[in-house]
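The values are calculated or read from the model by the stated rules, or taken from the named source; none is laboratory data. From a predicted model like this one, the values you see are computed outputs, not experimental measurements. All Cβ positions, even for glycine, are placed from backbone atoms using ideal geometry, and neighbour counts span all protein chains on display.
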Amino acid sequence: MHEVITKDIISIKNDFDNQFENLNILVTGGAGFLGSWLCEVLVKLNANVLCIDNLSSGLVENITHLMENDNFTFINHDITTPYFPKQNIDMIFHLASRASPFEFEKYPIQILKANTLGTWIALGLTKKYNAALLYASTSEVYGNPDEANIPTSENYYGNVNPIGPRSCYDESKRAGEAFTMAYILQHNLNIRIIRIFNTYGPRMRPGAIYGRVIPNFITQALANKDITIFGDGTQTRSFIYVSDEIVGLLKASIFNQCRGQVLNLGNNEEISILDLAKKIHKLTDSKSQITFHPLPKDDPLRRCPDIRKAKKLLNWKPKIDLETGLNHTITWYKSQRF
């Protein structure tokens, strides 16, 4: 495992004592970017981790090194079909879904199923075992907020196109939240909904289909290829480094005050996409040119979370500034073969 990840895992682990020790924890999408980080930290915290992933967008390389641990089990399974664990389950992290905008056009049905049928199956397991569940929702449920709702709080209902090119993800995540709230209301289950904002870091998959803006910019810059911006670059995002996101997710999963709550987890510092490209260009000492391409339909113009609720309930806030996180990420990408 790369030393950057090792140091970050140790940093995350130091925020927790024995809260997860000997718990049987199911992570759906556990071979993906966030899922593999969660699995790794939970293994280090002596939980018994059951990782489910059909490897549609996750990578077995993300978890291969964990398979030598007695407290880690990988199951190649599609969570949209029923799954029956052989052991009791104490906690579930439901993260399974393709999440890149480049995948929305290519795999819309699979995305819809993961966030509806998959969520329903995860909820059924939560009910059967009286487990705790963290449902990983997304900032995409807000769609394209108007200026009056930036930063965006959990009370904002969203501005989403239900038949647009992003709807398979936006609307299925919203439906997943509705499923989750229904189980809370009808069965009083121990569940929390976390709306994850743009997270980045090592293990984030680059490329035309899987890539997000930061891995794409970094890999383009390192290869001295054009850094491709969609639109004029004035659109903004708020990026949170993976270790900060994982700490927030783990805290939300065990804090009783989060039961039945919806929380934004992200960084509330905005940066324009053009400024992000320039920053990565500088940090990589790249010879790339920055080029501009048409903005995809329904691409949000601004994205910034109101994180006051998470700060209050979790005693949490992001610690890693963007430049530090980007340097960690660039170091990792330099070691990879993409």
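Just a few scattered comments:
- Selection status of T324, modelled with pLDDT of 95 or more, under 22 Å from I218 (Cα atoms), out of contact with any strand residue (DSSP E or B) (no Cβ under 9 Å at 6 or more places or on another chain) and β-branched (V, I, T): no
- Residue match in the stretch 242-261 (condition: closer than 17 Å to L34 by Cα, in contact (Cβ under 8 Å) with a residue 24 or more places away in the chain and among the aromatic types (F, W, Y)): no
- Flag if Q186 is buried (at least 18 other Cβ atoms within 10 Å of the Cβ), polar (S, T, N, Q) and over 20 Å from the mean Cα position of the chain (by Cα): no
- The stretch 224-241 residues that are under 13 Å from I290 (Cβ atoms), paired with ones that are among the small types (G, A, S) and assigned to a strand (DSSP E or B) (beta carbon under 7 Å, 6 or more apart): G233/S272
- Criterion applied to Y157, Y135 was being among the aromatic types (F, W, Y) and either closer than 22 Å to I52 by Cβ or crowded, with 16+ Cβ neighbours inside 10 Å (or both), and the one residue passing it is Y135.
- Scanning the stretch 21-62 for residues that are modelled with pLDDT of 95 or more and of a type in the set (S, T, N, Q) yields N22, N24, T28, S36, N46, N48, N54, N62.
- The numbered conditions (1) in a loop (DSSP other than H, G, I, E, B); (2) in contact (Cβ under 8 Å) with a residue 24 or more places away in the chain; (3) over 19 Å from the mean Cα position of the chain (by Cα) are all true for Q336 except (2).
- The strands (runs of 3 or more DSSP E) located wholly in the stretch 1-118 that include 1 or more residues which are more than 16 Å from A136 (Cα to Cα), free of Cβ contacts under 8 Å to residues at least 40 places away in the same chain and within 19 Å of the chain's Cα centre (by Cα) occupy 48-53.
- The criterion of being more than 25 Å from Y200 (Cα to Cα), surrounded by 14 or more Cβ atoms within 10 Å (Cβ to Cβ) and among the aliphatic types (A, V, I, L, M) holds for I75.
- Filter result for G260 (buried (at least 23 other Cβ atoms within 10 Å of the Cβ), of a type in the set (G, A, S) and at pLDDT 95 or above): no
- Checking the stated criteria, E21 turns out not to satisfy the condition of being over 27 Å from N130 (Cβ atoms), surrounded by fewer than 22 Cβ atoms within 10 Å (Cβ to Cβ) and out of contact with any Asp or Glu (no Cβ under 7 Å at 6 or more places or on another chain).
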